[in-house]
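Engineer: Attaching a single structure in structure tokens format; questions to follow.
The values are calculated or read from the model by the stated rules, or taken from the named source; none is laboratory data. The shown structure was predicted, so the numbers you read here are calculated from the model rather than taken from an experiment. No Cβ is skipped: glycine too gets one built from the backbone with ideal geometry, and neighbour counts run over all protein chains shown.
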Amino acid sequence: MEPAVLLGVVDGVATVTLRNPAKRNALTPDMWRELAATVTGLAARPDVRTLVLTGYGGTFSAGAEISGLRAGTAPRELASAAEEALAAFPGPTLAAIRGHCVGGGCQLAVACDLRFAAEDAVLGVTPARLGLVYPAGATARLARLVGPATAKYLLFSAELIDAPRALAYGLVNEVHPTAGLDERVAGFTATLAARSRLTQQAAKEFVDRGPAGAHTARWSRPDGAERELAEGVAAFLERRAPRFDWPARPGRGAVGRSGDGPA
């Protein structure tokens with residue numbers, strides 16, 4: 001039997017795929033647990049710089065599997081754990097969305113830093129259809145993303161919206177023809193992998209936590225920052241692609257230079 005959460009890592013980009021095709025990738029309790037463990041494990045890998053979350057086949061996820069809700073297996077707590085694992089991933093995360101992305105599926109997509117959608121995507125935050133209290137953390141994250149009024153609209157109505165409306169609301173960053181989504185995601189994540197990991201991780205912490213919650217002191221003069229800046233400036237002046245190497249692996253030279261693989 002194939003695993004319900006598929007994983008592949010290529011050139012520093014990890015692709016995590018939700019797989020339950022018989023139920024449009026609806027998330028079972030075991031899938032929530034496996035997703036949280038997978039993302040947490042990836043966060044500790046120095047070869048992984050960017051994470052893409054997507055769904056198997058033509059849909060992202062139809063949300064939590066209803067049988068799990070009836071069985072009393074605390075899916076809300078499991079969903080929150082998977083959501084927080086995604087939010088805590090140190091590098092950029094991107095949800096690649098096709099078809100339905102609703103309920104718990106939308107909760108996971110919102111936990112990612114970025115969301116690219118296919119033209120056929122349908123999104124919705126649907127706990128009001130089931131009489132569920134949406135988790136406080138997920139509610140606050142949604143409100144930060146789309147604004148309080150739009151978050152209330154989505155939560156109060158549980159209405160499903162198409163990709164153009166999701167783009168207008170700020171729920172997704174980009175919309176692409178369905179056939180071209182993979183190419184765009186691959187090209188963009190390759191760009192992310194070529195940029196400064198130091199810049200990305202500091203920026204993510206500052207944006208997500210704000211100046212009061214971020215550990216600003218540790219970013220003021222991190223080890224290797226001078227080398228990172230020197231490489232960026234030299235590459236600009238020499239009109240070449242930079243070879244960023246932060247953080248360098250202990251006991252060896254820089255990582256991520258041409259032929260070494262990603263940092």
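Engineer: Could you give me the residue pairs with C-beta distances under 6 Å whose first residue belongs to the range 21-35 and is more than 16 Å from Cys106 (Cα to Cα), whose second residue is surrounded by fewer than 24 Cβ atoms within 10 Å (Cβ to Cβ) and modelled with pLDDT of 95 or more wherever it lies, and which are 6+ apart or on separate chains?
Structural biologist: Listed by first residue and then by second, the contacts come to Pro21/Tyr56.
Engineer: Would you point out the residue of the range 56-104, among those that are hydroxyl-bearing (Ser, Thr, Tyr) and modelled with pLDDT of 95 or more, that is farthest from Leu154 (Cα to Cα)?
Structural biologist: First, pick out the residues of the range 56-104 that are hydroxyl-bearing (Ser, Thr, Tyr): 56, 59, 61, 67, 73, 80, 93.
Now restrict to residues that are modelled with pLDDT of 95 or more: 56, 59, 61, 93.
Details: Tyr56: 25, Thr59: 20, Ser61: 17, Thr93: 23 Å.
Per the criteria, the residue is Tyr56.
Engineer: Find the residue count for the range 217-240, including only residues that are among the aliphatic types (A, V, I, L, M), modelled with pLDDT under 80 and surrounded by 12 or more Cβ atoms within 10 Å (Cβ to Cβ).
Structural biologist: Within the range 217-240, residues that are among the aliphatic types (A, V, I, L, M), modelled with pLDDT under 80 and surrounded by 12 or more Cβ atoms within 10 Å (Cβ to Cβ) number 2.
Engineer: Among the numbered criteria (1) in contact (Cβ under 8 Å) with a residue 60 or more places away in the chain; (2) crowded, with 17+ Cβ neighbours inside 10 Å; (3) within 28 Å of Val48 (Cβ to Cβ), which single criterion is violated by Thr126?
Structural biologist: (3)
Engineer: Can we say Glu84 is assigned by TED's automatic domain parsing to the domain that holds Ala166, assigned to a helix (DSSP H, G or I) and either aliphatic (A, V, I, L, M) or surrounded by fewer than 19 Cβ atoms within 10 Å (Cβ to Cβ) (or both)?
Structural biologist: Here the answer is yes, as Glu84 does meet what is asked.
Engineer: Criterion first (part of a loop (DSSP other than H, G, I, E, B) and crowded, with 20+ Cβ neighbours inside 10 Å) does Gly58 satisfy it?
Structural biologist: no
Engineer: On the given criteria, is Arg45 charged (D, E, K, R) and without any contact (Cβ under 8 Å) to a residue 60 or more places away in the chain?
Structural biologist: On the way: charged (D, E, K, R): yes; without any contact (Cβ under 8 Å) to a residue 60 or more places away in the chain: yes.
Against the criterion (charged (D, E, K, R) and without any contact (Cβ under 8 Å) to a residue 60 or more places away in the chain), Arg45 qualifies.
This table checks each residue for (1) among the basic types (Lys, Arg); (2) under 16 Å from the mean Cα position of the chain (by Cα); (3) within 27 Å of Leu78 (Cβ to Cβ); (4) not in a helix (DSSP H, G or I).
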site: Val133; (1), (2), (3), (4): no, no, yes, yes
site: Ala138; (1), (2), (3), (4): no, yes, yes, no
site: Ala149; (1), (2), (3), (4): no, no, no, no
site: Arg165; (1), (2), (3), (4): yes, no, no, no
